Amino acid sequence: MDRLRIRGGYPLMGEIPISGAKNAALPLMAAGLLSADGLTLENVPHLADIASMTALLRELGAEINAESVIDGQGETLKIQARRIENIEAPYDIVRKMRASVLVLGPLVARKGEAKVSLPGGCAIGNRPVDLHLMALECMGAHIELESGYIHAFAPKGLKGGRIAFPTVSVGATENAMMAASLAVGETTILNAAREPEILDLAQCLIGMGAVIEGAGTDKIRISGKSQLSHTTHSVVPDRIETGTFAMAAAMTGGDVELVGAKIGHIQSAAAILREAGVTLTETERGCRVTRTTDKLIGVDVMTEPYPGFPTDLQAQFVALMTAATGASMVTETIFENRFMHVPELKRMGANINVHGSSALVRGIDRLKGAPVMATDLRASVSLVLAGLAAEGETIVNRIYHLDRGYDRVEKKLGACGAKIIRERET
Ligand code: EPZ
């Protein structure tokens with residue numbers, strides 16, 4: 001297994017290219033199953049999760065060809081699902097990547113049947129999929145759960161329905177949108193997720209011929225079509241990568257331009273960072289990040305569905321607050337177990353106490369480097385950020401978690417002066 005060796009104390013200076021969003025690319029790839037004419041996706045990030053989704057789509061019978069373009073511009077994927085020979089997404093693939101459940105809606109819509117392993121829990125929570133199933137049942141699908149698998153049937157096809165989500169779910173909204181695009185009649189989704197990745201998926205589906213209104217709001221209306229056609233769609237820049245590297249620049253007292261970033265997609269996080277003493281300025285190419293004050297200031301934050309502060313930036317923000325002046329109360333409202341970065345940060349000297357869904361961070365002068373263990377994707381990157389600012393050397397082990405969601409993180413940070421190398425764990 002690989003690990004990262006980081007020597008802290010070097011301000012990040014220069015520019016970091018922002019890749020296409022993992023959490024947009026994954027549903028977009030699943031949307032490739034909806035059309036026999038194929039789908040071309042540009043600006044797809046180089047990530048382990050993209051490779052997993054590629055393997056799953058091939059398992060279902062799709063052809064996928066990747067063309068790497070100019071380095072750092074991501075790759076172009078040509079997905080061709082002319083025939084779907086297999087309607088089963090097996091446990092050994094789904095358990096490694098929960099987003100595999102996003103093939104459920106497209107398979108039922110296109111083939112009238114799907115057999116998808118229940119994803120099971122993961123490090124950050126038990127991650128149920130009941131809302132995904134409810135959405136399909138509202139469109140007339142019959143669902144059976146047996147031996148750990150979801151078996152969904154719609155032999156006569158799906159029909160438009162009214163889906164009122166009791167809680168906001170990104171994945172369930174995406175599955176519903178994709179299924180409704182091929183259902184007969186109109187579907188209304190209430191309490192829909194509003195993330196930029198939802199809007200990106202809608203724009204791609206519209207490009208394929210779907211009729212969708214209201215994406216990006218909490219009410220989405222979709223008129224189903226009998227078939228969808230080919231389109232070429234470029235993946236939206238990754239707002240979580242943007243927020244992550246903005247915090248890296250702030251933690252090290254650096255000055256970095258995030259090229260390709262859309263500051264409009266991180267408004268809540270940007271507002272909190274500005275309160276904490278970070279300057280974010282929109283530039284022609286993206287966003288420039290510097291620190292306004294010589295010490296960051298402790299600020300409270302609560303994670304919420306978009307457009308609130310994103311749960312996927314919570315671990316990184318906790319790391320940012322460890323050396324701030326004063327205290328910061330960080331409350332996680334989306335997932336039930338998303339503080340696994342805390343014990344590792346405490347090994348670096350951080351003063352953090354977790355009470356239920358809140359972590360109270362009291363700023364110290366400076367973290368001390370130490371060997372630490374990555375546990376999940378965002379916890380991993382928060383340890384990298386901590387290592388960049390800490391005194392001395394930090395070793396982040398098990399960075400396969402990191403590679404799921406960050407495209408060449410050591411290259412991007414190293415190009416801005418970070419002392420960070422990847423090595424094989426002996
Ligand atoms: C997506 O996960 C993202 N993943 C997550 O990013 C992100 O943290 C999450 O949205 C919230 O923004 C992808 O897009 C691939 P949800 P998803 O359904 O769709 C509960 C990362 O680090 N829920 O919005 O699985 C659920 O337990 C990952 O990149 C149900 O109860 O999240 C959670 O408490 C982590 N029943 C809440 O809703 C359901 O059927 C929000 O989950 C579905 C979800």
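Return the FRET efficiency for the residue pair GLU275, ARG398: r is the Cβ-Cβ distance, R0 is 35 Å, and the value is rounded to the nearest 0.05.
Values: r = 33 Å, r/R0 = 0.95.
After rounding to 0.05, the efficiency reads 0.55.
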(request) Give, rounded to the nearest 20 debye, the magnitude of the charge dipole that the stretch 103-250 has about its Cα centre when Lys and Arg contribute +1 at Cβ and Asp and Glu contribute -1 at Cβ. (result) 380
(message) Take ALA66 and MET302, extend 7 Å from each Cα along the Cα→Cβ direction, and tell me the distance between the two endpoints in nm.
(response) 4.1
(request) Measure off, as a whole percent, the carbon and sulfur share of the 1.4 Å-probe accessible area of the chain, all protein chains present. (result) 50
(message) Out of the trypsin sites (Lys or Arg not before Pro) in the stretch 80-173, which ones are loop residues according to DSSP with at most 14 other C-beta atoms within 10 Å?
(response) ARG82, ARG83, LYS156
(request) Let me know the charge dipole size of the stretch 180-271 about its Cα centre in debye, to the nearest 20, where only the beta-carbon of Lys, Arg (+1) and Asp, Glu (-1) is charged. (result) 320
(request) Mind listing the long-range amide H neighbours of PHE309? Cut-off is under 5 Å, sequence gap 5 or more, other chains count too, H placed in the peptide plane at 1.01 Å from N. (result) GLU304
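Can you tell me what share of the DSSP beta bridges in the chain is antiparallel? A percent to the nearest 5 is fine.
Around 70 percent of the beta bridges assigned by DSSP in the chain are antiparallel ones.
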(request) With a point put 7 Å past each Cα toward its Cβ, work out how far VAL184 is from ARG221 in nm, to one decimal. (result) 2.2
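Report the far tail of the P(r) of the chain, meaning the percent of Cα-Cα pairs longer than 29 Å.
44
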(message) Please list, in order along the stretch 165-178, the HN-Hα scalar couplings obtained from phi with the Karplus expression 6.51 cos²θ - 1.76 cosθ + 1.60 (θ = phi - 60°), rounded to whole Hz, x for Gly and Pro.
(response) 6, x, 9, 6, 9, 4, x, 5, 4, 5, 4, 5, 4, 5
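Stokes-Einstein D for the stretch 9-54 at 37 °C, 0.692 mPa s, Kirkwood Rh over Cα pairs, in µm²/s?
It diffuses with D of about 261 µm²/s by this estimate.
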(message) Can you find, among ALA370, VAL184, GLY207, the residue sitting farthest towards the positive end of the charge dipole of the chain, where Lys and Arg contribute +1 and Asp and Glu -1 at Cβ?
(response) ALA370
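List the GluC sites (Glu not before Pro) in the stretch 68-170 that DSSP assigns to loop (not H, G, I, E or B) and whose Cβ has at most 14 other Cβ atoms within 10 Å. Which are they?
Numbers: sites: GLU75, GLU85, GLU88, GLU113, GLU137, GLU144, GLU146; in loops: GLU85.
The qualifying sites are GLU85.
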(request) With +1 on each Lys and Arg Cβ and -1 on each Asp and Glu Cβ, and nothing else charged, work out how big the dipole of the chain is about its Cα centre, in Debye to the nearest 20. (result) 360
(request) Kindly write out, for the stretch 114-123 in residue order, the coupling ³J(HN,Hα) from the Karplus curve 6.51 cos²θ - 1.76 cosθ + 1.60 (θ = phi - 60°), rounded to whole Hz, with x marking Gly and Pro. (result) 7, 10, 10, 4, 4, x, x, x, 8, 4
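So, by mean Cβ neighbours within 10 angstrom, what's the order for 242-251, 288-297, 333-342, 12-21 with the highest one leading? Each step should come with its number before you reach the end.
Values: 242-251: 27.3, 288-297: 17.3, 333-342: 19.6, 12-21: 22.8.
Descending mean neighbour count gives 242-251, 12-21, 333-342, 288-297.
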(message) Viscosity 0.890 mPa s, temperature 25 °C: give me the Stokes-Einstein translational D for the stretch 314-383 in µm²/s, with Rh taken as the Kirkwood radius over C-alpha pairs.
(response) 207
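The values are calculated or read from the model by the stated rules, or taken from the named source; none is laboratory data. What you are looking at is a predicted structure, and each value in this text was computed from that prediction instead of being measured. Virtual Cβ from ideal backbone geometry, glycine too; neighbours counted across all protein chains shown. To get the accessible areas, we keep the full protein, side chains included, count just its heavy atoms, and leave off ligands, DNA and RNA. Shrake-Rupley method; radii C 1.70, N 1.55, O 1.52, S 1.80 Å.
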